[in-house]
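Peer 1: Below is one structure. I have some questions about it.
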Amino acid sequence: MATEALNVVVPFHFRYARSAGEFTAIHAPGVNLVLWRREQEPGLGRLVDEFSAAHDLDVEAVLRCAEPEVWMFLSDLPACGARDMLAADIEFLVRRFGEVSGRAAARVHLETVQTDACRLFHVDAAALRMLVTYSGFGTQWVTNDNVRRGELTAQGRSFEMANREIVPRPAQIRSARPWWVMLQKGESYPGNAGNGVVHRSPPVEHAGERRLRLCINEVK
Ligand SMILES: [Fe+2]
């Protein structure tokens with residue numbers, strides 16, 4: 001029993017949210033990640049997987065958080081149930097992002113990712129960023145006790161070599177699942193320098209793997 005209890009200890013710097021209402025936990029000093037482990041109904045998730053497999057997407061726009069014109073944002077996408085689901089979810093998340101960031105506008109980017117260009121573990125300069133992988137492998141991150149921050153950046157090494165130095169226990173790399181929402185705090189959040197959450201895009205291990213990723217950024 002004692003071992004089990006130890007295994008469920010959550011490190012101080014990240015928090016699980018049980019709903020979007022708990023994203024505000026990100027503002028606590030020292031916290032650098034709030035994770036909402038929501039699940040999609042499998043049949044609906046498969047609709048988005050099929051949509052993602054069939055279309056290369058790359059749409060980006062600045063939207064007003066209080067009234068995001070997401071239908072316009074996605075108007076070039078073929079009309080289907082998956083698009084409608086994505087539109088409804090993006091609208092919901094942009095509104096929540098506006099509330100938690102206090103910003104009137106957000107830069108929203110929905111894209112198909114087929115490369116692992118960001119496979120080096122890193123911190124973001126951005127203050128707050130929200131990420132959702134709707135289809136495919138989700139963003140990976142590590143707990144603060146599994147990071148050597150002095151090793152961040154490639155420093156002339158291959159990404160693989162650098163990652164081995166940055167993350168001393170690779171077996172403890174954590175991965176988000178589809179539809180989970182990651183609210184990340186980066187280096188430029190006031191008081192958070194040196195504590196940005198360390199994360200990366202999952203490495204693409206097999207040809208043909210693809211992800212559908214949403215990224216919401218602050219607009220100042
Ligand atoms: Fe990043």
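The values are calculated or read from the model by the stated rules, or taken from the named source; none is laboratory data. Treat the numbers as computed from the prediction; the structure is a model and nothing was measured. Cβ sites come from the backbone with ideal geometry, for glycine too, and all protein chains shown count toward neighbours. What goes into the accessible areas is simple: the full protein's heavy atoms, side chains included, and nothing from ligands, DNA or RNA. Shrake-Rupley method; radii C 1.70, N 1.55, O 1.52, S 1.80 Å.
Peer 1: Which residue, of ALA162, ALA154, ALA171, is outside any helix (DSSP H, G or I) and either open to solvent by less than 60 Å² (accessible area, probe 1.4 Å) or free of Cβ contacts under 8 Å to residues at least 60 places away in the same chain (or both)? Please lay out each step first, then the result.
Peer 2: Working: ALA162 fails: outside any helix (DSSP H, G or I); ALA171 fails: outside any helix (DSSP H, G or I).
Sole residue among the options that is outside any helix (DSSP H, G or I) and either open to solvent by less than 60 Å² (accessible area, probe 1.4 Å) or free of Cβ contacts under 8 Å to residues at least 60 places away in the same chain (or both): ALA154.
Peer 1: Pull up segment 202-216, narrow it to residues that are within 16 Å of the ligand (Cβ to nearest atom) and basic (Lys, Arg), then point me to the one that is least open to solvent (accessible area, probe 1.4 Å).
Peer 2: Only one residue tops the list, namely ARG211.
Peer 1: Let me ask something else. Among the residues of segment 126-137, write down those that are modelled with pLDDT of 95 or more, more than 11 Å from the ligand (Cβ to nearest atom) and either in a strand (DSSP E or B) or under 16 Å from THR115 (Cβ atoms) (or both).
Peer 2: Across segment 126-137, the qualifying residues are LEU128, MET130, VAL132, THR133, TYR134, SER135.
Peer 1: Only residues that are open to solvent by 10 Å² or more (accessible area, probe 1.4 Å), away from the ligand (no atom under 14 Å from the Cβ) and not in a loop (DSSP other than H, G, I, E, B): list them for segment 138-151, please.
Peer 2: Residues satisfying the conditions are ASN144, ASP145, ARG149, GLY150, GLU151.
Peer 1: Same structure, new question: Of all helices (runs of 4 or more DSSP H) completely enclosed by segment 41-124, which ones contain at least 3 residues that are under 30 Å from GLY194 (Cα atoms)?
Peer 2: Working: elements: 42-54, 70-73, 81-101.
Helices (runs of 4 or more DSSP H) meeting the threshold: 81-101.
Peer 1: Next question. Of the residues LYS185, LYS220, which single one is crowded, with 16+ Cβ neighbours inside 10 Å and within 15 Å of LEU128 (Cα to Cα)?
Peer 2: After applying the criteria, what remains is LYS185.
Peer 1: May I pose another question? Anything in segment 188-201 that is away from the ligand (no atom under 12 Å from the Cβ) and open to solvent by less than 10 Å² (accessible area, probe 1.4 Å)? List them, or say none. Please lay out each step first, then the result.
Peer 2: Pass one, segment 188-201, residues away from the ligand (no atom under 12 Å from the Cβ): 188-195.
Selection gives ASN192 alone.
Peer 1: Follow-up question, since we're still on this one. What single numbered condition from (1) closer than 23 Å to MET85 by Cβ; (2) without any contact (Cβ under 8 Å) to a residue 40 or more places away in the chain; (3) among the small types (Gly, Ala, Ser) fails to hold for ALA176?
Peer 2: (2)
Peer 1: Scan ARG103, ARG119, ARG107 and give me the residue that is within 16 Å of the ligand (Cβ to nearest atom), open to solvent by 40 Å² or more (accessible area, probe 1.4 Å) and modelled with pLDDT of 95 or more.
Peer 2: On the way: ARG103 fails: within 16 Å of the ligand (Cβ to nearest atom); ARG119 fails: modelled with pLDDT of 95 or more.
Result: ARG107 is the single residue among ARG103, ARG119, ARG107 that is within 16 Å of the ligand (Cβ to nearest atom), open to solvent by 40 Å² or more (accessible area, probe 1.4 Å) and modelled with pLDDT of 95 or more.
Peer 1: Still on this structure, please answer the following. Tally time: how many residues in segment 175-195 are in contact with a helix residue (DSSP H, G or I) (Cβ under 9 Å, 6 or more places away or on another chain) and within 17 Å of VAL123 (Cβ to Cβ)? Don't jump to the end; show me each part of the working.
Peer 2: Initially, segment 175-195 is screened for residues in contact with a helix residue (DSSP H, G or I) (Cβ under 9 Å, 6 or more places away or on another chain), giving 178-179, 181, 183-185, 189, 194-195.
Still in the list and also within 17 Å of VAL123 (Cβ to Cβ): 183-185, 189, 194-195.
Qualifying residue count, segment 175-195: 6.
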